[in-house]
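Notes follow the structure.
Quick note: the coordinates plus some simple rules give every number you see, no bench work behind them. Quantities reported herein were computed from a predicted structural model and do not represent experimental measurements. Ideal geometry is used to build each Cβ from the backbone, glycine not excepted, and the neighbour counts take in all protein chains shown.
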Amino acid sequence: MSEQVPVQGAEGHRVDIFDTTLRDGEQSPGISLNTREKVEIAQQLGRLGVDVIEAGFPITSPGDFEAVEAIARSAEGPVICGLARTHKADIDAAWNAIKDAHRPRIHTFISTSDIHITHQLQTTRDDVKGQARAAVALARSYCDDVEFSPMDATRADVEFTAEVCAIAVAEGATVVNIPDTVGYTTPDEYARYLARLYELAPGLAGIRLSVHCHDDLGLAVANSYAGVLAGARQVECAVNGIGERAGNCSLEEIVMLLRTRSDAHGFDTGCETREIARTSRMVSRFTGYHVQPNKAIVGRNAFAHESGIHQDGVLKERTTYEIMDARDVGLDSNSIVLGKHSGRHALRDALEQLGFKVSGDALNEAFKRFKEIADRKKQVTALDLEAIVSDRLREGAQRYELGWFDVEASTRRAPKAHVAVTMPDGSTAEGESGGDGPVDAIFGAIRVATGVESDLRQYTVSAVTEGEDALGEVTVVLRAHERLASGQGVATDILEASARAYLRALSNALEGAAIREAEELTAEAATERATPGP
Ligand code: KIV
Ligand code: ZN
């Protein structure tokens, strides 16, 4: 491919990693992260060493605005980017959310494909040019770093897209991103498209070209790689490949492709790849999106060898069947081990080594939970600690908590569960229920105790580590309080983990509903202020 398309873009062999887990990734169906979770993920992305974090789309809701603002105020290393359509209100909101960042960027976009211009925007090509010009100019009046994207570019007329990109460059865009919005292009076609853009809009050679590929045909990483070979020096991607529909280019795959095959292409990123596994686990936990076992780089089996011949080879010499070292993606980080006699200091030190800064009440809470688990499990490993702390990090102020539960399970009688729940106002409520099985009975009893109707959408159990005394980790996705929310619970007993996960999901739904109510009240108040009195 590098022979077909000469590299024409920016100088240098460093490819910037633009992470859009918190924006495009969060647009995946069923994902709804709260501000605390987003800030936590952004901090981990900082440790991973990404260059840009697209923290959200601030105009879409006050909740999104608040999260982008919180990330902008807390993140130190990466550029913090806010997304905006070409509307003035969007750009104003994006700027207001990111303006406190050390390195802010506004990312504005408008479609250049006729399909979008005719059917979605219902406007004309001339209007698109005008909107792109005004948007980039306005964004540049606020911020020195402005990215422009011609959305659905790969299905658009290349001549028209080049005209719009040239306008963006003339107005001062510092990055131009060419999205394959619907995951339609192929590596060779994309490379030719970018080469043609460079010819038609020579100004692109003076700025950073970026690629943003969706995975509808499973080509997001291949297309992004083709884009790099064609001159792009920024790849937009998401952890675990999450994103709209089939998702985005997977961050871990493109980063390891650039690192592992640097011999073939000469490119690399600034990522600390040993943080990849932890980042993947965190995103998976917080989003409730599990990683398939055979997923490249971060799947459970990505470094597992099943066949005797392979095992034999790897035992003799790792490189016989491994092109990467699991340690380079952070899959060896299970060396920290605590036991039931470990104290608060040891826990805090271990958590710090894992990248969690916990003190005060949060440390007390984590310690309490650690003790409960250490009493039942001989050794608490780094992976266990990470699961316990992530579980705690998800908690908001408004929450339902598990008091206790009794469950009767037998193959001869229908199961019965009795639970006690601490309600958000601090009172205790009890409920009893039968069910199809013990988990179903517990969930039914929680519904009776809380009085909240909820609809279970997803239930998954996995083990945090290997071995017989592994902690069970349960993820629940449910719909309650008119919100889709996920929750996670960790315990040595999967029934307990299930009850905790269910209550955590209910708490997240409650918190989401409270935020929405506050947003509606603010919107109503704004409308009243704007409506002239009688
Ligand atoms: O897929 C897409 O086109 C996008 C743009 C907003 C860059 O996500
Ligand atoms: Zn996208």
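Counting only other residues whose beta carbon sits under 10 Å from that of residue 72, what net charge do I get with K and R as +1, D and E as -1?
+1
Under a point spin-label approximation (7 Å from Cα along Cα-to-Cβ), what is the residue 328-residue 422 distance to one decimal in nm?
For residue 328 paired with residue 422, the spin-label model returns 4.7 nm.
Of the peptides 24-31, 112-119, 150-157, how do they stack up when ordered by the mean number of other Cβ atoms within 10 Å, highest first?
In descending order of packing, they fall as 150-157, 24-31, 112-119.
Around residue 272, under 13 Å between beta carbons, what's the net of Lys plus Arg minus Asp minus Glu among the other residues?
Around residue 272, the surrounding residues sum to 0.
Any lysines with Cα under 30 Å of the residue 316 Cα? List them, leaving off those in the same chain fewer than 8 positions away.
Partners found: 295.
If a/c stays under 1.5 just call it rounded; otherwise compare a/b with b/c (prolate if a/b is bigger, oblate if not). Do that for segment 243-283, with a ≥ b ≥ c from the square roots of the Cα gyration tensor eigenvalues.
oblate
Set the bar at 25 Å for Cα to Cα. Now go through 38/340; 38/357; 378/416 and name every pair that lies beyond it.
Violating the 25 Å Cα-Cα cut-off are 38/340; 378/416.
Could you pull out every one of the aspartates and glutamates with an alpha carbon less than 19 Å from that of residue 368, ignoring same-chain neighbours closer than 8 positions?
Partners within reach: 349, 352, 384, 386, 391, 395, 401, 473, 493, 496.
Take the alpha carbon gyration tensor of the chain, find the square roots of its eigenvalues, order them as a ≥ b ≥ c, and report rounded if a/c is under 1.5; if not, report prolate when a/b exceeds b/c, else oblate.
Cα axes put the chain in the oblate bin.
Angle between the Cα long axis of helix 382-393 and the longest principal axis of the chain, 0 to 90 degrees, nearest 10?
So the inclination is approximately 80 degrees.
Once you place label points 7 Å from the Cα toward the Cβ at residue 349 and residue 513, how far apart are they in nm?
Placing both labels 7 Å along Cα→Cβ, they lie 4.6 nm apart.
Going by average Cβ density within 10 Å per residue, which order do the peptides 437-447, 368-378 take, highest to lowest?
By packing density, highest mean first, the sequence is 437-447, 368-378.
Dividing the Cα convex hull volume of segment 387-486 by residue count, how many Å³ per residue is that?
Here the figure is 120 Å³ per residue.
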